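Participant: Handing you this structure, nothing more for now.
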Amino acid sequence: MANSITPLVAGNWKMNGMIASSDEARAMAAGLADLADPKCDVLICPPATLIGFLARVLGESAISLGAQDCHPQPGGAHTGDIAAEMLADVGATTVIVGHSERRQDHGETDALVASKAQAAWRAGLKAIICVGESEAERDAGDALTVVRSQLEGSVPPEATASDTIIAYEPIWAIGTGRTPTPADVAEVHDAVRETLKELLRPEGEGMRILYGGSVKPGNAAELMSASNVNGALVGGASLKAEDFLGIIRAYS
Ligand code: PEP
C-alpha cells in the first residue's frame, strides 16, 4: 500500500510573502507545467492574506493552495483568528496544524492541534498534522517516544488517509541547514507508519508521511528515498521558484 502513495511536495511560506510574491508562484506553476510527468502533488501554503489572491493568479494550475493554521471554531468572537471555513472559502484545500513554530510560539497542545485537524475536515480541508522532536529530546534518545506521543495526542481517531497528512519535522532541522541522515529519517518514518497503523488501522497504511526540515534541491532525492517518506514539507526553499522546482524535480 505505502508504495502506491502519491508523494506531496508542500511549501510553507511562513510569515513571508507580499502581493509581489505572485511572480514566484507564477514561475512555480509555469515550471510545473513544463514537467512532462510530475510524480508528485504540489501545494503552496502562503500567509492567509495571499490565499485568495494566489487562487486567482494560479487559476487552473496544478498547484493547490493551503494555509498555515486555523481556529477550531467555525466563527465567532476570536479576534485575529481565522476559521477553516474561511480558508476554504478563499480557495485553500489544506491547512497545516501543529507546526512546531505554533506549538512553541503559541503554546499549542496536542489536544488543540487535534481540534484544529477536526475543524479542517469540518470545512472540507485536508489537515497536515506536524510532529517532531527537539534537539534535546533527540540527544536524550527520546525522539521516537516524543513523536509517538504527539501522534497519539494530535491525530484524532477518525483521521483518514484522504483527509490527513502527517509531517515529521525534527525541530532542530527546521531552518538550520542541518538534516538527519536518511537512515535516521527512515527510522522515525517507519515508527510513524507503525503508530498510524496501530491508531487508525487500514487508514494508517495509506496516509502520507512528509519529511520536513532543511529540504533543498541538493538533498531532496536522498531524503525522499528513505523508507516511508511520501513527500516533503519545505520552508525556506519553497519561497523561490527555482529552489522549489528543484525539489519537485527530485520526484520526477
Ligand atoms: C518548515 O518550517 O516546515 C520547514 C521545514 O522549514 P525549512 O525547510 O526552512 O527547514
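Participant: Roughly how many Å is it from the Cα centre of the stretch 208-243 to that of the stretch 84-131, as a whole number?
Facilitator: 21
Participant: Over the stretch 63-193, average the accessible area per residue using a 1.4 Å probe and give it in Å², no decimals.
Facilitator: 40
Participant: Which whole-percent values make up P(r) of the stretch 128-252 when all C-alpha to C-alpha distances are grouped in 10 Å steps starting at zero?
Facilitator: 14, 46, 32, 8
Participant: Hey, got the dipole for the chain? About the Cα centre, +1 on K and R Cβ, -1 on D and E Cβ, debye to the nearest 20?
Facilitator: Details: 19 positive and 33 negative charges, 91 e Å.
Computed charge dipole of the chain: roughly 440 debye.
Participant: So, with a 1.4 angstrom probe, what is the percent of accessible area on the chain that is carbon and sulfur?
Facilitator: 51
Participant: For T94, what residues show an amide H to amide H distance below 5 Å, using hydrogens built from the backbone and excluding near sequence neighbours?
Facilitator: A67, K126
Participant: Quick one: what are the phi-derived ³J(HN,Hα) couplings along the stretch 130-142, Karplus 6.51/-1.76/1.60 with θ = phi - 60°, whole Hz, x for glycine and proline?
Facilitator: Going residue by residue, I get 9, 9, x, 8, 7, 5, 5, 5, 5, 4, 7, x, 9 Hz, with x marking Gly and Pro.
Participant: What's the tally of Lys pairs in the chain whose alpha-carbon atoms lie under 18 angstrom apart, where the two lysines are 8 or more places apart or on different chains?
Facilitator: Summing the qualifying lysine pairs gives 6.
Participant: Hey, could you pull the Cα Rg and Dmax for the stretch 1-89, both in Å?
Facilitator: According to the Cα coordinates of the stretch 1-89, Rg and Dmax are 14.8, 48 Å.
Participant: Continuing with the same structure: Mind checking which of A226, P170, A143 is farthest towards the positive end of the stretch 67-241's charge dipole, using Cβ charges of +1 (Lys, Arg) and -1 (Asp, Glu) about the Cα centre?
Facilitator: It is A226.
Participant: Tell me, what HN-Hα J-couplings in whole Hz come from the Karplus equation 6.51 cos²θ - 1.76 cosθ + 1.60 at θ = phi - 60° for each residue of the stretch 19-25, using x for Gly and Pro?
Facilitator: 3, 5, 5, 4, 4, 5, 4
Participant: Using amide H atoms built in the peptide plane, which far-off residues or other-chain residues are under 5 Å from L8 H to H?
Facilitator: Amide H neighbours of L8: D41, G231, A232.
Participant: Ok, one more. Place +1 on the Cβ of every Lys and Arg and -1 on the Cβ of every Asp and Glu in the chain, take the dipole about the Cα centre, and give the residue among I44, V188, V97 whose Cα lies farthest towards its positive end.
Facilitator: Of the candidates, I44 comes out farthest on the positive side.
Participant: Go through the stretch 71-84 residue by residue and turn each phi into a ³J(HN,Hα) via Karplus (6.51, -1.76, 1.60, θ = phi - 60°); whole Hz please, and just put x for glycine and proline.
Facilitator: Values per residue, Gly and Pro as x: 8, x, 8, x, x, x, 7, 9, 3, x, 8, 10, 7, 4 Hz.
The values are calculated or read from the model by the stated rules, or taken from the named source; none is laboratory data. Note that this is a predicted model, so its numbers are computed, not measured. So basically every Cβ, Gly included, is an ideal-geometry build from the backbone, and we count neighbours across all protein chains shown. Note: accessible area is taken over every heavy atom of the protein model, side chains too, but ligands, DNA and RNA are not part of it. Shrake-Rupley method; radii C 1.70, N 1.55, O 1.52, S 1.80 Å.
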